[in-house]
Structures are given as structure tokens and as C-alpha cells.
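Written below as C-alpha cells is the structure these notes are about.
The values are calculated or read from the model by the stated rules, or taken from the named source; none is laboratory data. Note that the structure is a prediction, hence the values are computed from the model and not measured. Every residue, glycine as well, gets a Cβ built from its backbone with ideal geometry; the counts of neighbours run over all protein chains shown. With ligands, DNA and RNA removed, areas are computed over all heavy atoms of the protein, side chains included. Shrake-Rupley method; radii C 1.70, N 1.55, O 1.52, S 1.80 Å.
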Amino acid sequence: MMSTNTQDIAARLSNSGIFRTQGLIGGKWTDAYDGNTIKVQNPATGDVIVNVPCMGKRETSDAISSAYNAFSSWSKLTANERSRCLRKWYDLLIANKEELGQLITLEQGKPLKEAMGEVIYGASFIEFYAEEAKRVYGDIIPAPSADRRLFVLKQPVGVVGAITPWNFPLAMITRKVGPALACGCTVVIKPSEFTPLTALAAAELSLQAGIPPGVVNVVMGNAPDIGDTLLESPKVRKITFTGSTAVGKKLMAGSAATVKKVSLELGGNAPCIVFDDADLDVAVKGSLAAKFRNSGQTCVCANRIIVQQGIYEKFANAFANAVQNLKVGDGFTESVALGPLINEAAVQKVESFVQDAVSKGAKVMLGGKRHSLGMTFYEPTVISDANSEMLVSREEVFGPVAPLMRFKTEDEAIQIANDTNAGLAAYIFTTNVQRSWRVSEALEYGLVGVNEGLISTEVAPFGGFKQSGLGREGSKYGLDEYLEIKYVCLGNMDRA
Ligand code: SIN
């Protein structure tokens with residue numbers, strides 16, 4: 001069994017060649033210019049893993065300049081040359097799967113098996129965009145007059161500021177940087193200050209893969225200062241962000257002054273609708289996966305489980321039984337299914353949502369309190385008789401709490417599901433083919449899982465309707481976010 005001691009694990013990883021603790025600017029590992037640092041902690045124990053630089057405006061400005069200078073040569077490489085660099089980066093991510101997985105568990109808390117799954121998932125975006133790099137096709141447009149030729153070029157947008165969250169310390173970076181680099185853009189990454197080590201390890205591997213200095217830069221520390229510097233710089237032509245809706249709105253407003261392209265992957269409030277005609281086992285398994293992945297800390301986690309009255313009791317009991325079997329603990333302990341929440345603030349939010357639900361008439365079927373392990377561990381929780389007035393159904397819980405709501409008709413289920421400003425993921429469980437089409441079409445969501453709770457993949461578009469965001473990540477659609485379209489008209493073509 002693997003040690004759960006923070007310093008043992010950090011010591012082992014520091015010999016692995018991917019353990020970096022400085023920022024990366026223009027290919028050089030760099031401390032904060034004023035020497036300030038911030039602690040990176042293991043959320044399962046509270047132990048400090050290591051200190052990393054607390055960077056701000058000056059470092060970010062230099063990282064932007066490095067990315068700007070690197071853009072002219074990186075964007076001029078052939079697509080094939082960029083593709084080969086990305087492929088090599090993918091190979092190195094996979095070769096270092098164990099170490100990267102351990103790093104994710106150490107700083108983020110998710111169980112090791114799930115962390116390894118994130119490495120495969122994260123690396124898949126680099127592999128996919130290594131392939132897509134060669135398929136950024138333009139167009140020839142039939143000209144309206146005989147003496148003209150019209151064509152369309154697709155060109156990289158320029159320097160990209162990528163601001164990424166702690167819940168997927170690797171995959172949310174690769175999902176942005178993969179397509180950016182494939183198109184010929186260069187990047188300044190600002191990872192979450194809770195989980196910078198995975199970002200730095202990925203950046204180290206990008207250098208080992210032969211991606212030239214300055215193409216990938218990483219700064220971390222003072223989030224508002226870094227964010228403002230990225231927003232204010234006219235050299236940064238695109239902001240891509242995964243995180244809260246509140247921060248996303250600020251980034252969108254801040255991008256207006258320099259009219260940057262913006263992609264935002266923001267909060268969700270995913271409905272998971274279980275119809276009377278669902279296969280019970282499939283519905284329980286799918287809802288469990290959709291709810292408890294990463295201890296409920298994903299934007300696509302089922303937030304409201306909406307169950308038709310005919311199957312409600314049967315589903316509630318089977319679901320609660322399945323949840324009871326989820327083992328909570330340190331992510332390095334074998335067979336653990338749920339790790340800690342990221343920090344104390346996250347636990348307090350979950351506690352206040354559960355209290356609010358109980359005060360408004362919900363019943364706790366299972367869990368409902370902090371776990372006896374202490375720290376930021378919370379018991380996997382099932383709440384019955386939830387309704388639309390409760391915080392658990394109005395806002396994103398981002399924790400291991402599953403509120404069950406009851407509905408009578410298909411129309412009512414759709415109305416409840418769409419009654420929110422969010423529109424990222426939704427799930428439905430039914431064996432009726434016509435219903436599955438009808439309801440999928442009626443849901444105001446960017447992703448719909450039918451009889452399936454885990455639907456994220458590099459080959460499909462990921463992104464939200466309404467206030468869940470702008471743009472799409474992954475798939476062929478994800479490339480467009482990093483490209484400008486240029487129309488070129490050749491005139492006087494009839495002259496010899
Ligand atoms: C997220 O929570 O933002 C990403 C989840 C995923 O990629 O499946």
C-alpha cells in the first residue's frame with residue numbers, strides 16, 4: 001500500500017524529474033521577483049507539500065512578452081511540425097502517468113485511480129489536437145466576378161491567457177493548451193493556486209517534448225493581479241477560462257477594453273431526470289457516477305436528481321444503498337471512492353446548503369454531516385423531498401450531496417430542469433427512444449447524457465448554454481476558438 005504521508009510522497013515525486021516548484025517564463029524556471037511564496041497544501045491532511053512563487057503583475061507581463069515573441073516562430077512552423085511536438089508531449093504525459101496521477105492526488109485530493117483517469121483524459125486532448133493540427137483547412141469561395149479569386153485562411157488568434165481551476169489540475173489545462181498550440185497560438189497559463197504542481201509538471205514535459213521556450217508559460221500566485229495583467233494587455237488576444245460564473249463574468253467584462261476573444265466554461269446546475277420507464281440499475285449506476293465523480297466537485301456533476309413519482313421510492317432506496325457503499329478517505333488509500341473536498345470553505349458551503357434544505361422540509365436519508373475522518377471530508381449524502389426553493393437545487397453544490405426531487409409528468413420534468421440560469425450538462429434515464437429524443441431536444445443544455453452519467457470525451461464538444469459559458473472545448477469545434485478567419489480577395493486575375 002502507498003504511504004499517505006505528504007512528505008514521503010513529495011520526496012518520491014521530487015526525484016521523478018517532473019516536480020517543479022517555480023513559474024515558467026520564456027523557458028526559464030523563475031521565482032517571484034520579490035521572493036514571495038505561497039503554500040501548496042494536501043487537502044487530505046492539511047500538510048504543506050511545498051512553497052511556490054507568489055507571482056503578480058511584473059512576472060505576468062514578462063510571461064506575456066515571452067509568449068508574444070515566441071508566437072512569430074511557433075505560428076510559422078508547419079502544422080506537421082507542431083503536430084509532432086504535441087504528439088511527443090502526449091507520449092511523455094502518458095509515460096509519466098503514475099507520477100502525474102500521484103501529484104494530482106497529493107494537491108487536489110481525488111482518489112489515485114480517478115487521478116490516473118484524469119491523466120489519460122487530460123493527455124487525450126493533446127493527442128487529439130496533435131492530429132487536428134493538420135486539419136485546419138481554409139476555403140475557396142466561388143467568386144462573383146470572373147477576374148477575382150476569393151479564399152479564406154484560418155490563422156492563429158495570437159497569445160492566449162488560460163485561467164484554469166483546481167478540480168481538474170491537468171485536464172482543464174490540456175483542453176485549452178492543446179488546441180491553442182495546434183493552431184499556432186502561444187499561451188500564458190494561470191493554474192489555480194491550490195493546484196499549481198500538476199500544471200508545472202505538464203509544462204516541464206512540454207519542454208522535454210521540444211516545444212520551444214516561450215510557447216508555454218506558467219505564472220501563479222496573486223490571482224487578481226495576474227488576471228488584470230492578462231486582461232489589460234493588448235498582446236493577449238484571447239482569454240479562456242474554466243471556473244465560477246461570477247469570475248467568468250468579470251473576465252468577460254474585463255476583456256471588452258481590448259476586445260479579446262473569450263471562451264468560458266462556467267458553473268452548471270445539472271438535472272438528472274429519472275423516468276418511470278428507466279432501467280433501475282442503469283439509472284442508479286449513471287446517477288451515482290454523474291453525482292459523485294471527484295466528490296461532486298465538477299461542473300457537470302448531477303446537482304438535482306429529479307425522479308418520476310412511480311419509481312421514486314424504489315430509486316431512492318437503491319440509490320441510497322449504492323451511495324452507502326462509497327468509501328471515503330485519503331486518495332492514496334486503496335478502494336477509496338471519495339476524497340476530501342478542496343478546502344474548509346467548500347465544506348462550509350455544503351453544510352449551509354444541507355441546513356437550508358432541512359429547514360425547508362427535506363429529509364436526510366444518508367450522511368448529512370462532516371465525516372469522522374475530520375479535515376475536509378464530508379459524508380456522501382442523499383436528501384429526499386427536495387424542492388426548487390432550496391439552495392441545493394438553485395445553486396451548484398460542488399460537493400457529495402444528492403438532493404432527490406419528485407415530478408409527475410414529462411413536461412413538468414423539463415420545466416424543472418430548465419428553471420435555472422445554468423445550462424451545462426443534463427442527464428436523462430429512460431428506455432423510451434422517442435422520449436429520449438424529445439427530452440434531449442427540449443433541455444436547454446450544452447451536453448446531454450442519455451442513460452449515461454459520464455459523457456466527457458476529447459472527441460465531443462464541451463460547453464454550456466445560458467450563463468454556463470461561451471464557446472466549446474474539445475472536438476473539432478474546440479479549434480475554432482483559437483482561430484481568426486481571414487478573407488483574401490485576389491483581383492485583376494484576368495490580366496496576363
Ligand atoms: C469541469 O468540471 O469543469 C470539467 C468536467 C469534465 O471535463 O468532465
Original post:
Taking the DSSP beta bridges in segment 109-219 as the whole, what percent of them are antiparallel, to the nearest 5?
Top reply: 25
Subject >> Rounded Å value of the spacing that divides the Cα centres of segment 154-169 and segment 427-462 >> reply: 27
Subject >> Whole-number D in µm²/s for segment 149-227 (Stokes-Einstein; Kirkwood sum over Cα pairs; 4 °C, 1.567 mPa s) >> reply: 98
Subject >> Alpha carbon centroid spacing (whole Å) that separates segment 6-81 from segment 208-274 >> reply: 17
Original post:
To the nearest 10 degrees, how steep is helix 223-232 against the longest Cα principal axis of the chain, on a 0 to 90 scale?
Top reply: 40
Original post:
Using the eigenvalues of the Cα gyration tensor, what equivalent ellipsoid semi-axes result for the chain when each is taken as the square root of five times the eigenvalue, whole Å, largest first?
Top reply: 39, 30, 19
**OP:** Could you list which residues have their amide H under 5 Å from that of residue 402, counting only those 5 or more apart in sequence or on another chain, with H placed in the peptide plane?
**Re:** 381, 382, 383
**OP:** Calculate for the chain the 222 nm mean residue ellipticity that helices alone would give, adding -39,500 (n - 2.57) per DSSP H run of length 4 or more and normalising by residue count, nearest 500 deg cm²/dmol.
**Re:** -12000 deg cm²/dmol
Original post:
Quick one: if you take sqrt(5λ) for each eigenvalue of the C-alpha gyration tensor of segment 52-133, what semi-axes come out, biggest first, whole angstrom?
Top reply: 27, 22, 8
Original post:
From the backbone phi of segment 290-305, what are the Karplus-calculated ³J(HN,Hα) couplings (6.51 cos²θ - 1.76 cosθ + 1.60, θ = phi - 60°) in whole Hz, Gly and Pro given as x?
Top reply: 5, 7, 9, 3, 6, 6, x, 9, 10, 6, 9, 4, 4, 9, 10, 9
**OP:** For residue 32, list long-range residues whose amide hydrogen, built 1.01 Å from N in the peptide plane, is under 5 Å from its own amide hydrogen.
**Re:** 54
Original post:
Measuring from a point 7 Å past the Cα of residue 153 along Cα-to-C-beta, which residues in segment 215-245 have an amide N at less than 14 Å?
Top reply: none
Original post:
Looking only at segment 465-481, which residues have a backbone nitrogen under 13 Å from a spot 7 Å from the Cα of residue 457 in the C-beta direction?
Top reply: 475-476
**OP:** State which entries of 76/235; 88/110; 88/238; 327/363 exceed 20 angstrom in Cα-Cα distance in the structure shown.
**Re:** 88/110; 88/238; 327/363
Original post:
Taking H as built 1.01 Å from N, whose amide H comes closer than 5 Å to the amide H of residue 220, not counting residues under 5 places away?
Top reply: 55
Original post:
Once Rh is set to the Kirkwood radius over Cα pairs, what Stokes-Einstein translational diffusion coefficient, in µm²/s, holds for segment 1-74 at a temperature of 20 °C and a viscosity of 1.002 mPa s?
Top reply: 150
Original post:
residue 408: which aspartates and glutamates have alpha carbons under 14 Å from its alpha carbon, excluding same-chain residues fewer than 8 sequence positions away?
Top reply: 276, 277, 313, 385
Original post:
Of all the stretches in the chain, which is the longest one without any exposed loop site, taking GluC sites (Glu not before Pro) in a DSSP loop (any state but H, G, I, E, B) with at most 12 other Cβ atoms within 10 Å?
Top reply: 1-333
Original post:
Over segment 338-455, what number does the Rg to Rh ratio reach, with both radii from the alpha-carbon atoms and Rh per Kirkwood?
Top reply: 1.00
**OP:** With a 1.4 Å probe and every protein chain kept in, tell me what percent of the accessible surface of segment 271-379 is carbon plus sulfur.
**Re:** 51
Original post:
Using Cα atoms only, what is the angle between the long axis of helix 79-95 and the major principal axis of the chain, expressed in degrees (0 to 90) to the nearest 10?
Top reply: 40
Original post:
Can you work out ³J(HN,Hα) from phi for every residue in segment 397-402, in order, using Karplus 6.51 cos²θ - 1.76 cosθ + 1.60 and θ = phi - 60°, giving whole Hz and x for Gly and Pro?
Top reply: 6, 6, x, x, 10, 10
**OP:** State the antiparallel share, in %, of DSSP beta bridges confined to the chain, rounding to the nearest 5.
**Re:** 40
Original post:
Full extension from residue 232 to residue 140: what is 0.36 nm times the residue separation minus their Cα-Cα distance, to one decimal in nm?
Top reply: 29.5 nm
Original post:
Among the trypsin sites (Lys or Arg not before Pro) within segment 396-485, which fall in a DSSP loop and have no more than 11 other Cβ atoms within 10 Å of their own Cβ?
Top reply: 408
